[in-house]
Structure formats: structure tokens, C-alpha cells
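**Q** After the C-alpha cells below, expect a handful of questions from me.
The values are calculated or read from the model by the stated rules, or taken from the named source; none is laboratory data. The structure displayed is predicted, hence computed values, not measured ones. Don't worry about glycine lacking a Cβ; one is built from the backbone with ideal geometry, like all the others, and counts go over all protein chains shown.
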Amino acid sequence: MRDFAALVRNGEVHRDVYTSSAVFDHEMTHLFAATWVFVGHASQIPNIGDFTTTTLGVAPVIMVRHTDKTIHVLHNRCPHKGTRVANDPCGNTGRFFRCPYHAWSFRTDGSVAAIPLPTGYAETQFKQSEAAGGMRPVGAVHSYRDFVFARLNSAGIGFDDYFGASLSSIDNMVDRSPEGRLEIAGGVLRYMHQCNWKMLVENLTDTCHPMVAHESSAGTAIAMAKALPGKHPAVEIYAPFMSPYAFYENMGIRVWPNGHGHTGVHGSIHSDYSAVPGYFDQMVAAYGEDRARAILDENRHNTVYFPNMTMKGPIQSLRIFKPIAADRTLVESWTFRLVGAPDQLLERTILYSRLINAPTSPVGHDDQEMYERAQDSLQSDSNPWVNMQRLLGADETEETAEANGTSERQMRNQFHAWQRFMTVAP
């Protein structure tokens, strides 16, 4: 068996962590099975029988609202012949799922509801079989402020121990609603990247690339805007990407154990958006002035929830990087409505998502070009190591810490966690 821990050393990672199919397969059976992975948001399934399908690593699962209104996460696999039971991305299944192959039916908690010609199993050991147990639930499920996470393994690190203080980013995003609630709105954007999933996760706390990689997109938008009257909303979103190094250095970065972290400790590219009329007054009425200011003054840039989720609280957006193969990743971008807040905030969120995270986004394609160039060039034998030594501290560990905003500390933090979870038994 390969020594996966040897692929990470102080401030460097071996190219195989991005290019090897064997490493990818081990990630799916160990890393993605042992960690808590985002499944969906409760607002996606408000009614009994509502469901949405997704993957945990490469394992297909269903998140469904059961008849008692609880949320269940089931393996999307018929226990009979292994057929995918739910093929749509979302819908309402009523009170049971029905396999399209042999019509085995299952309640929304996964238990068997009916099997055609049941007498055919009367003189067998069927009742002792795995199939008799129905659609198997995942190992563990936890809902935190309507964000639903699951762990494939039945035993392992607990939810609170895994996330710890990093949950403060979710808290801040939810608290930006005067009612303390979010709803997914505006649909989902999906597009494929021909690169390894970890490249995208690393990019979210890489603050030395925006003014370089995005000069062709954000820089062009700023230049063109000089000929336009007034302050265009799109330019307000594009412009901060061209901020100088000093801005990003002062922004700061914070890391937490288990691979989580965020940029934007002291402010971010979202700090100077125009005020939305009436919103602050709603927040003061809900929380009091001091608490309202504390919530809205927290302008974190990107929060990484290891392994593959990232969110922006000030703009109410979330992205999932779904691994498909060692060199393929499906990106999903979701936007949220702050319940009880002015619609203008959702409009800005959707505008941001279309300008920055959409398949048609010039900014997103700047990054995609860089990922795919890296994925191709890592095949070269010139240097098998990828460097992450910027502002490397002596004897760095996974403790909670703050650093210069251009540090690669969070990338190293992710690989500390990667090393550890790659050695967890499935």
C-alpha cells in the first residue's frame, strides 16, 4: 500500500496528489468517507417527500424529508441490483421511492415498503440479507442552522469536534437575516473543470493571484467603466479583485483545525459594497444596534469547509467542488436569500454569482485556465513537487491561528488534514 503521508512534506506537496488516479480513489474511500461533507440546505426540501440528489465524494446519495418531517440522507442505490433509485436532481417522491428496474419500493427513511412477488423469498435467507434492510442510510447526519452535513463512515470524528469554531462563518451568514433564516434561491450554476478538486479549494484562499490572473477580466471592466456615468453595480463587484498586494496582506487569514479556514479577518473585497436602503434598520430592530453592527462588520472573504465546500457570508453564496476523477471536478454555485431582508440583497448575490462563478463568467474562466494549465503541466518530470512555502512558520500545526493575508498557511492547513484523514480506516 502506498505511503500517502509521504506525499506531503513541509511546505510542499507531491504532484501525485493532483494527478494520480490511485490517490484519487483512496481519497474517495478514506478522506471523503471520514470527514463531514455538505449535503444540502433544509430549504431545498421543505415538504414531506421532497428530495434532492448529490454525491459525497463519488457516492450518490439522496437527502429527503421523511413523513415525520425529519431529514434523512440515504445511499442512492437499490439494495437489490444496485440501480440508482432517484435520477432527478430534485423533486417530490411522495411517501416512497420506487426502483425503476424491478419496482422494489422504499419508504423515505429507506426501509422496505414492498417487493414484487414476495413469496419468491419465503424459503430463502432473504430476511438476513443486506437487501432486506432497504436503502442504507449514510453513517451519520447533522443539521446545523439548516445546513445539512453527512459522514459516510458510521464511526469517526463528531460534528462539533470536526468543525469547532469554524461554524462561526455559517453563523454570520445566517445572522445577516433579520429573521435568522436562509433560503436557497436563484437556482444553481454548474460547470465542469478539467482539473483536480483540490486546486479549486486552494485557490479560494490564494490572495496573490487576483491582481494577476484577473487583470484581463476585472481589469478590463474597470477600464471600460471609466467611460460610464455613475457607479455601476457590476464594477463595484469587479473592482476589488484588482486591489494591490498590500490590501490582501492586511486582510488577514485565519485557520482552524481539520483543514478549515478563511481569508478576510480584518475586511475583504466585500467590505465596501453600497448600503441597501432599510436593511440596517431591519437588523437593528432584530438584534439591537451593537449586535447588528458586529454582524455586518464581519466581512469574511472565502471560508473553506474542508474538504470541498466554500462560502461567502457577506454575499450569501456557497460553492461545492464535486470530485469526478483525478482530473475532473464539477463546480456547483448556490445563492441564498436572507429571509426578511430587502430583495436588493438577493439581486446583488445573484449578480455576483453570474459575474464571478457562472460558466459564462470571465473571472471564473481566468481561474479555470490556470487550473487546467497546471493539471496539464504537472505531467512534466522537471519537478515533482508543488510549492506552498509562502510565509511558512516554524513547526506549524493545525491549531487556530491568524496570519498575513497573503500567507499560504490555509493551503498547508488543508494538507495537514488531508494527510491525517487519508490514513483513516474506511
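**Q** Give the residues of the range 169-186 that are over 26 Å from ALA239 (Cβ atoms) and either of a type outside the set (Asp, Glu) or surrounded by 15 or more Cβ atoms within 10 Å (Cβ to Cβ) (or both), sorted by residue number.
**A** ILE170, ASP171, VAL174, ASP175, SER177, PRO178, GLY180, ARG181, LEU182, GLU183, ILE184
**Q** Out of THR19, THR54, THR29, I need the residue that is among the polar types (S, T, N, Q), more than 20 Å from the chain's Cα centre (by Cα) and modelled with pLDDT of 95 or more. Which one?
**A** THR19
This table checks each residue for (1) of a type in the set (D, E, K, R); (2) at positive phi; (3) outside any helix (DSSP H, G or I).
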| residue | (1), (2), (3) |
| --- | --- |
| ILE324 | no, no, yes |
| LEU330 | no, no, yes |
| THR335 | no, no, yes |
| ASP366 | yes, no, no |
| TYR371 | no, no, no |
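**Q** Right, next: Anything in the range 284-304 that is outside any loop (DSSP other than H, G, I, E, B), surrounded by fewer than 23 Cβ atoms within 10 Å (Cβ to Cβ) and in contact (Cβ under 8 Å) with a residue 40 or more places away in the chain? List them, or say none.
**A** Result: ALA285, ALA286, TYR287, ILE295, LEU296.
**Q** Name the strands (runs of 3 or more DSSP E) wholly within the range 87-144 that hold at least 3 residues that are without any contact (Cβ under 8 Å) to a residue 60 or more places away in the chain?
**A** In the range 87-144, 90-92, 96-98, 105-107, 112-114 are the strands (runs of 3 or more DSSP E) which contain 3 or more residues that are without any contact (Cβ under 8 Å) to a residue 60 or more places away in the chain.
**Q** Which of (1) farther than 25 Å from ALA403 by Cα; (2) at pLDDT 85 or above; (3) of a type in the set (Lys, Arg) does ARG254 not meet, given it meets every other one?
**A** Against the list (1) farther than 25 Å from ALA403 by Cα; (2) at pLDDT 85 or above; (3) of a type in the set (Lys, Arg), ARG254 comes up short only on (1).
**Q** Quick one: ILE315 ticks every box in (1) assigned to a loop (DSSP other than H, G, I, E, B); (2) over 25 Å from TYR248 (Cβ atoms); (3) within 20 Å of the chain's Cα centre (by Cα) except a single one, so which number is it?
**A** All conditions are met except number (2).
**Q** So, of the residues in the range 355-371 that are more than 29 Å from ALA403 (Cβ to Cβ) and touching a strand residue (DSSP E or B) at 6+ places or on another chain (Cβ under 8 Å), which turns out to be surrounded by the most Cβ atoms within 10 Å (Cβ to Cβ)?
**A** Result: ALA358.
**Q** Continuing with this model, one more query. Looking at VAL141, VAL85, can you tell me which residue is among the β-branched types (Val, Ile, Thr), in contact with a Cys (Cβ under 6 Å, 6 or more places away or on another chain) and within 17 Å of ALA59 (Cβ to Cβ)?
**A** VAL85
**Q** Would you confirm whether or not the range 382-391 contains a residue that is assigned to a strand (DSSP E or B) and surrounded by 14 or more Cβ atoms within 10 Å (Cβ to Cβ)?
**A** Taking every residue of the range 382-391 in turn, at least one turns out to be assigned to a strand (DSSP E or B) and surrounded by 14 or more Cβ atoms within 10 Å (Cβ to Cβ).
**Q** Across the range 35-67, what is the number of residues that are over 17 Å from ASP146 (Cα atoms) and among the hydroxyl-bearing types (Ser, Thr, Tyr)?
**A** Residues in the range 35-67 being over 17 Å from ASP146 (Cα atoms) and among the hydroxyl-bearing types (Ser, Thr, Tyr): 3 in total.
**Q** Out of the range 162-175, which residues are out of contact with any helix residue (DSSP H, G or I) (no Cβ under 6 Å at 6 or more places or on another chain) and in contact (Cβ under 8 Å) with a residue 60 or more places away in the chain?
**A** PHE163, GLY164, ALA165, SER166, SER169, ILE170, ASN172, MET173
**Q** While we're here: Given the residues PRO307, PRO314, which is the only one that is in the same structural domain as TRP197 (by TED's automatic domain parsing), surrounded by fewer than 24 Cβ atoms within 10 Å (Cβ to Cβ) and at pLDDT 95 or above?
**A** PRO314
**Q** Further question: How about the range 55-75: which of its residues are surrounded by fewer than 22 Cβ atoms within 10 Å (Cβ to Cβ), without any contact (Cβ under 8 Å) to a residue 60 or more places away in the chain and touching a strand residue (DSSP E or B) at 6+ places or on another chain (Cβ under 9 Å)?
**A** Selection gives PRO60, HIS66, THR67.
**Q** Look through the range 389-416, keep the residues that are of a type in the set (Asp, Glu) and within 24 Å of the chain's Cα centre (by Cα), and return whichever of them is farthest from ASN10 (Cα to Cα).
**A** Within the range 389-416, the match that is farthest from ASN10 (Cα to Cα) is GLU402.
**Q** Quick check on my filter: what residues within the range 316-349 are acidic (Asp, Glu) and touching a strand residue (DSSP E or B) at 6+ places or on another chain (Cβ under 6 Å)?
**A** GLU332
**Q** Need the failing condition index for ARG420 against (1) within 20 Å of GLU236 (Cβ to Cβ); (2) outside any loop (DSSP other than H, G, I, E, B), just the number.
**A** (1)
**Q** Of the residues that sit in the range 216-273 and are part of a helix (DSSP H, G or I) and charged (D, E, K, R), which one is nearest to GLU202 (Cα to Cα)?
**A** Checked the range 216-273; the qualifying residue nearest to GLU202 (Cα to Cα) is GLU249.
**Q** Mind telling me which of the residues GLY40, GLY110 ends up being among the small types (Gly, Ala, Ser) and in contact with a His (Cβ under 8 Å, 6 or more places away or on another chain)?
**A** Going through GLY40, GLY110 in turn, the sole match is GLY110.
**Q** Could you tell me which numbered condition ASP109 fails, if it satisfies all but one of (1) surrounded by 22 or more Cβ atoms within 10 Å (Cβ to Cβ); (2) closer than 17 Å to ARG136 by Cα?
**A** (1)
**Q** Report whether or not ALA225 is surrounded by fewer than 18 Cβ atoms within 10 Å (Cβ to Cβ) and either over 30 Å from ASP16 (Cα atoms) or in contact with a Pro (Cβ under 7 Å, 6 or more places away or on another chain) (or both).
**A** yes
**Q** Another question, if that's okay. Hey, any hits in the range 19-32 for a residue that's in a strand (DSSP E or B) and either of a type outside the set (D, E, K, R) or closer than 30 Å to ASN387 by Cβ (or both)?
**A** Checking the range 19-32: not a single residue is in a strand (DSSP E or B) and either of a type outside the set (D, E, K, R) or closer than 30 Å to ASN387 by Cβ (or both).
**Q** Part of a strand (DSSP E or B) and under 20 Å from HIS365 (Cβ atoms) - does that describe any residue in the range 174-184?
**A** No, that holds for no residue.
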